[in-house]
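Below is one structure; the comments refer to it alone.
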Amino acid sequence: MKFTALALAAAATLSLAFINPQPAPMNPTATAAASGTVYDFTVKTIDGKDVKLSKYKGKKILIVNTASKCGYTPQYKELEELSKKYAGKVTVLGFPSNSFNQELASNEEVSSFCEKNYGVTFPLFSTVSVKGDDATPLFKFLADKDKNGTVSEAPSWNFCKYLVNEKGQVVKFYPSKVKPLSEELVADITK
């Protein structure tokens, strides 16, 4: 049997494909696995002490960007009630922010305001930026689905909420209008 040059070239290409197979194309709809948890972060308390969020392992966490001069500021009262009523299930963490120009000038003022006006006893942290390029690393993580695996929303206003499960994984985002004691939020905490 006589082979032509074209037939030989095709046979050589076919045999190389079996020796060095090309990788299958990636599935464009596949999502990247989350690369971390909130436990990877260390934050500063409102009085300037470092706290590793891994301290809160084993309970759900509700992370809230707060502000003292906002129409949603009365949610502090419900956040405190939620914190006390469901203390065995969730820890509320408040992160004051001036990202929307509605926070007091200093951490001391924020702490005093929250204690005096709303009796806040849940942990409050140093004032941080929660959106844009200058957002703190924690809030960049919370708003990046490629990093957290679930949520892609950055705070659009004060009192946005992120629910984190007992393993430190972000599971849900709630906009400002969702009240802390809403049926939806309480159901997600208690399930």
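So if R0 is 35 Å, what FRET efficiency would residue 182 and residue 126 give, r being the distance between their Cβ atoms, rounded to the nearest 0.05?
0.80
Step through the table entries 69/145; 44/167; 85/191; 57/77, compare each Cα-Cα distance with 19 Å, and write down the pairs that go over it.
69/145; 44/167; 57/77
If each of residue 190 and residue 101 carries a label point 7 Å out from its Cα toward its Cβ, how far apart are those two points in nm?
Inter-label distance under the simple model: 4.1 nm.
List the equivalent ellipsoid semi-axes of segment 32-135 in whole Å, largest first, each obtained as the square root of 5λ for an eigenvalue λ of the Cα gyration tensor.
Result for segment 32-135: semi-axes of 22, 18, 13 Å.
So if R0 is 25 Å, what FRET efficiency would residue 85 and residue 54 give, r being the distance between their Cβ atoms, rounded to the nearest 0.05?
0.50
Need the list of aspartates and glutamates near residue 147 for cross-linking: C-alpha distance under 12 angstrom, and skip anything on the same chain fewer than eight residues off.
Cα-Cα hits under 12 Å: 40.
Where in segment 64-94 does the label zone of residue 109 land, with the point 7 angstrom along Cα→C-beta and an amide N cut-off under 18 Å?
Backbone N within reach: 66-74.
Computed from the coordinates by the stated procedures, all read-outs in this text should not be read as laboratory data. Values in this document were obtained by computation on a predicted structure and should not be read as measured data. Positions of Cβ are backbone-derived with ideal geometry, glycine not excepted, and every protein chain shown enters the neighbour counts.
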